[in-house]
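Q: Below you'll find the structure I mean.
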């Protein structure tokens, strides 16, 4: 193992998402995911044992709050870089993340390439906020809710079947539509979710909690 590799721990309460992020990180020539955790206790133990350079941190964990965990981790290791992922943003969350010592806050569901670039390049003493989150803050209505993803009912059906590991041919057979129509729905999903592959579309949908896998927990 090369000491030049950037060692990363992924912390996410959803196992499928954590595994996908781990694969994405380890697929980079200069990075390695050395472990994944799904809750605060597990994550603290993992970081203490593995001593990573960076942590990708979900806000909602199985047994706690990711920003509170970030504060504890950074207090113990000030050199640790933590990139926080969130589906919902407000001024209070950004303030908490900054005070906790996070280096960046990114939206869940953005392209994996952006996450990788941020983990690789964000400075330890900086605090980067993705433009998408800033736009949400400026454009949120009185309720502060994010806009609907604009997926049709049929696209949701296709998305759920993709998440079950079915290919377009199997999906077409299950829904009683043509393979060509199915591929059209898949293409539309990729565009609407800003994904570059079917796997990435599923990961984005899981992170945004548009779908869930009942057998995943």
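Q: Among the candidates 115, 106, 94, 150, which residue alone is modelled with pLDDT of 85 or more and touching a helix residue (DSSP H, G or I) at 6+ places or on another chain (Cβ under 7 Å)?
A: Only one candidate passes the filter, namely 106.
Q: Do we find that residue 19 is in a loop (DSSP other than H, G, I, E, B) and either at pLDDT 95 or above or under 18 Å from residue 209 (Cβ atoms) (or both) in this structure?
A: no
Q: Separate question: Taking the conditions exactly as written (at pLDDT 80 or above, surrounded by 16 or more Cβ atoms within 10 Å (Cβ to Cβ), touching a helix residue (DSSP H, G or I) at 6+ places or on another chain (Cβ under 6 Å) and outside any helix (DSSP H, G or I)), does residue 158 satisfy them or not?
A: Answer is no for this residue.
Q: Could you check residue 166 against (1) in a helix (DSSP H, G or I); (2) modelled with pLDDT of 80 or more and say which number it fails?
A: (1)
Q: Right, another one. Among the numbered criteria (1) out of contact with any helix residue (DSSP H, G or I) (no Cβ under 7 Å at 6 or more places or on another chain); (2) more than 17 Å from residue 207 (Cα to Cα); (3) in a helix (DSSP H, G or I), which single criterion is violated by residue 29?
A: (3)
Q: So, one more: Return only the number of the condition from (1) crowded, with 16+ Cβ neighbours inside 10 Å; (2) within 23 Å of residue 113 (Cα to Cα); (3) touching a strand residue (DSSP E or B) at 6+ places or on another chain (Cβ under 8 Å) that residue 20 does not satisfy.
A: (3)
The values are calculated or read from the model by the stated rules, or taken from the named source; none is laboratory data. Source: prediction; values computed, not measured. Cβ sites come from the backbone with ideal geometry, for glycine too, and all protein chains shown count toward neighbours.
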